[in-house]
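To start, the structure itself, in structure tokens.
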Amino acid sequence: MGRIAVIGAGMGAMAAAARLAVAGHRVAVYERTETYGGALRRFERDGFAFDTGPGLLPLPAVWRDLFVKTGKEPLEACVDLVQVDPAARHVFADGTDATLPNASRAGAVTALDEALGAGAGERWGDFLVRAREAWDRTRRPLLEEPLWSDWRVLAEREPYPSVPHKRLLRTRRAATLAEIGAWELRDPRLAALLESHALGYGLDPRTAPAAAAVLPYLDHAFGTWYVRGGMRELARAVHERCLARRVAFHFGAEVREVVEKDGRAAGLALADGTVVEADTVVGVAPWRLGVEAPGADAVGPVVEGGVPGRVVVCLALRGGRPAGTAHRTVVHAPDRAAELALFDGTPSERPTVRVDRPDDPALRPDDAHESVVLTATVPSGAHHDWSAPGAADAVADRMVAAAERAVPGLRERTLWREVRTPLETARETGAEFGGVPAPSLAASRGRLLHPANGTALPGLFGVGGWSHPGGGLPHAGMSGALVAGLIVEGPGFRGSQ
Ligand SMILES: Cc1cc2nc3c(=O)[nH]c(=O)nc-3n(C[C@H](O)[C@H](O)[C@H](O)COP(=O)(O)OP(=O)(O)OC[C@H]3O[C@@H](n4cnc5c(N)ncnc54)[C@H](O)[C@@H]3O)c2cc1C
């Protein structure tokens, strides 16, 4: 039995902690804020409650596995998990309105044919078949296995089987998500549907590799899920599972340094001067703590300032939620080029906005009120001064104006609003400049891979969204499983079955 010190109580770190405790280790978590869950926060006021991090859970199997492996009660006994149906309503720039069912290819094909015109559904359906091939080729190395030492194979090879496209007497194949939209989907609305999945993860569709096709495929194939009571309920359940396995939590305990002894990690130094001895250290983005970056043959840390963040607007509304309202609506930007300026550091004048309207009595004071969350991808604090007077409200105003295309009368119904920018993300997760890490993707010369969980310092492991296999709830959960596997089974660990 070893002593394991864990830096941060984010979802990836807690997943590792619970698994390591079950394997017989003595695990203690040191969290700089006063609570667990990292980005999985809830904002509450006047009987309203809002998820201020992820609004939905893709690929719940990752968290089901954690609950199976760490105790008797399955995930479903600890949280009320519901599949969201329809998956999403899309309001496109030209006013076309399409509502897509959850996890049904035939249903999506029919809905798109009806809303966009005959043939559109089939093109989307055919795309999903190709996206599945990319998923099948990368699922294990990109999600279920530690990052291979020969990761360059993954970085150089494009797993998406793009369709040959004749252009100016040359045959070309889509190499980016934008090219899939233009050459294979051949409808600006289908292209916007595709690109909204990349944008939602903070990826620029013009440079995201075709391999990013796995992102819409993931939602389509495994469905999207909601946790009743709000997504933070998942964090509560994971925290409780950790406590049940005797993981110790220390809140208000900022880690300043990883202590090294005889060439390996030997503990932590906290901001208050306390030194904690440990046999193994597991941490979110350990390179932030001055640990030497991995060598040249490894994937290096992502430059955090370049990673976009989110603005989240919590709206407390008078008037009940109309029956039949979609849980999620995506209101697409009217001007794609202007929207993509966000990747040059300028928040969009008219952004793509995600509107989440969960049918959940726990989030509203009564049925005569509604709580709504708007989310948009924005430049991180490295490129935009979110602390400047009016900066947050200016973007929030544009988001509300965009959302009104899907929710008429939104402004008149608003009692009050709470606006959260990358400043809050930085405060709550410790991410530099408040960026939100995207899931790891193949191709693109490894630009979108994250560093391996094992680090250059023996006994030190990286966990959570800034390490392999990247950001997002399922990916962070997998990072916890991989780190636990590497510690329990050693470097020969080949991944979860
Ligand atoms: C606004 C927003 C929207 C998002 N939307 C989605 C979405 O739609 N879909 C999706 O899948 N994902 C989304 N994510 C990302 C997702 O929430 C995270 O990837 C996921 O929760 C995993 O987080 P993590 O394990 O990396 O930990 P994090 O959430 O990053 O938390 C890290 C924790 O470690 C603590 N910590 C950091 N440094 C130290 C230190 N030195 N000492 C002590 N403690 C420390 C922090 O305080 C924090 O509690 C969103 C995130 C945000 C912020």
Going through (1) touching a strand residue (DSSP E or B) at 6+ places or on another chain (Cβ under 8 Å); (2) in contact (Cβ under 8 Å) with a residue 12 or more places away in the chain one by one, VAL62 fails only at (1)
If we ask which residues in the range 1-16 are of a type in the set (Val, Ile, Thr) and near the ligand (Cβ under 8 Å from one of its atoms), their number turns out to be 1
Could you check the range 86-106 and list, in sequence order, the residues that are acidic (Asp, Glu) and in contact with a strand residue (DSSP E or B) (Cβ under 9 Å, 6 or more places away or on another chain)? ASP97
I'd like the residue in the range 310-365 that is over 21 Å from the mean Cα position of the chain (by Cα) and part of a helix (DSSP H, G or I) and, out of all such residues, is surrounded by the most Cβ atoms within 10 Å (Cβ to Cβ). LEU363
Restrict the check to the range 149-168 and report whether at least one residue is in contact with a His (Cβ under 7 Å, 6 or more places away or on another chain) and either at pLDDT below 95 or under 27 Å from LEU482 (Cβ atoms) (or both). no
Checking ARG26, ARG45, ARG41, ARG19 in turn, the sole residue that is of a type in the set (D, E, K, R), in contact with a Gly (Cβ under 6 Å, 6 or more places away or on another chain), at pLDDT 95 or above and more than 6 Å from the ligand (Cβ to nearest atom) turns out to be ARG41
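For the range 459-472, check the following and say yes or no: at least one residue is more than 16 Å from the ligand (Cβ to nearest atom), touching a residue at least 60 places away in the same chain (Cβ under 8 Å) and touching an Asp or Glu at 6+ places or on another chain (Cβ under 8 Å).
yes
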Among strands (runs of 3 or more DSSP E) entirely inside the range 207-301, those with 3 or more residues being crowded, with 18+ Cβ neighbours inside 10 Å and in contact (Cβ under 8 Å) with a residue 24 or more places away in the chain are 224-227, 264-270, 280-284
Qualifying positions in the range 283-306 - more than 11 Å from the ligand (Cβ to nearest atom), within 21 Å of the chain's Cα centre (by Cα) and of a type in the set (A, V, I, L, M): VAL299, VAL302, VAL303
Looking at the range 314-337, which of the residues that are among the aliphatic types (A, V, I, L, M) and in contact with an Asp or Glu (Cβ under 6 Å, 6 or more places away or on another chain) is nearest to ARG45 (Cα to Cα)? LEU317
Checking THR171 against (1) out of contact with any Lys or Arg (no Cβ under 9 Å at 6 or more places or on another chain); (2) surrounded by 15 or more Cβ atoms within 10 Å (Cβ to Cβ), only one condition comes out false. Which one? (2)
Answer from VAL395, VAL372, VAL407 - the residue that is crowded, with 18+ Cβ neighbours inside 10 Å, of a type in the set (A, V, I, L, M) and in a loop (DSSP other than H, G, I, E, B): VAL407
Can you list residue pairs whose Cβ atoms sit under 8 Å apart, with the first residue in the range 405-428 being under 19 Å from HIS369 (Cβ atoms) and the second being within 16 Å of the ligand (Cβ to nearest atom) and among the aromatic types (Phe, Trp, Tyr)? Count only pairs 6 or more apart in sequence or on different chains. GLU418/PHE43; GLU418/PHE50
Any hit, the range 57-72, residues being among the hydrophobic types (A, V, I, L, M, F, W, C), surrounded by fewer than 17 Cβ atoms within 10 Å (Cβ to Cβ) and either at positive phi or more than 16 Å from the ligand (Cβ to nearest atom) (or both): yes
Residues that are in contact with a Pro (Cβ under 9 Å, 6 or more places away or on another chain): list the strands (runs of 3 or more DSSP E) wholly contained in the range 22-76 that include at least 2 such residues. 48-51
Considering only the range 344-374, how many residues are within 25 Å of ARG206 (Cα to Cα), of a type outside the set (A, V, I, L, M) and touching a Ser or Thr at 6+ places or on another chain (Cβ under 8 Å)? 3
Matching residues in the range 97-122 (surrounded by 16 or more Cβ atoms within 10 Å (Cβ to Cβ), at pLDDT 95 or above and among the charged types (D, E, K, R)) number 1
Members of the range 25-46 that are at positive phi and either crowded, with 24+ Cβ neighbours inside 10 Å or in contact with a helix residue (DSSP H, G or I) (Cβ under 9 Å, 6 or more places away or on another chain) (or both): GLY37, GLY38
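Let's see how each residue does on (1) among the aliphatic types (A, V, I, L, M); (2) surrounded by fewer than 24 Cβ atoms within 10 Å (Cβ to Cβ); (3) within 19 Å of GLY53 (Cα to Cα); (4) more than 16 Å from the ligand (Cβ to nearest atom):
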| residue | (1), (2), (3), (4) |
| --- | --- |
| PRO439 | no, no, yes, no |
| ASN453 | no, no, no, no |
| LEU482 | yes, no, no, no |
| ARG494 | no, yes, no, yes |
TRP466 passes all but one of the listed conditions (1) in the same structural domain as ASP65 (by TED's automatic domain parsing); (2) surrounded by fewer than 24 Cβ atoms within 10 Å (Cβ to Cβ); (3) not in a helix (DSSP H, G or I); the exception is number (2)
Just checking, which of GLY181, GLY202, GLY125 is in contact with a Lys or Arg (Cβ under 6 Å, 6 or more places away or on another chain) and either modelled with pLDDT of 95 or more or not in a helix (DSSP H, G or I) (or both)? GLY125
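The values are calculated or read from the model by the stated rules, or taken from the named source; none is laboratory data. Remember, it's a predicted structure, so these values are computed and weren't measured experimentally. Backbone-built Cβ (ideal geometry, glycine too); neighbour counts: all protein chains shown.
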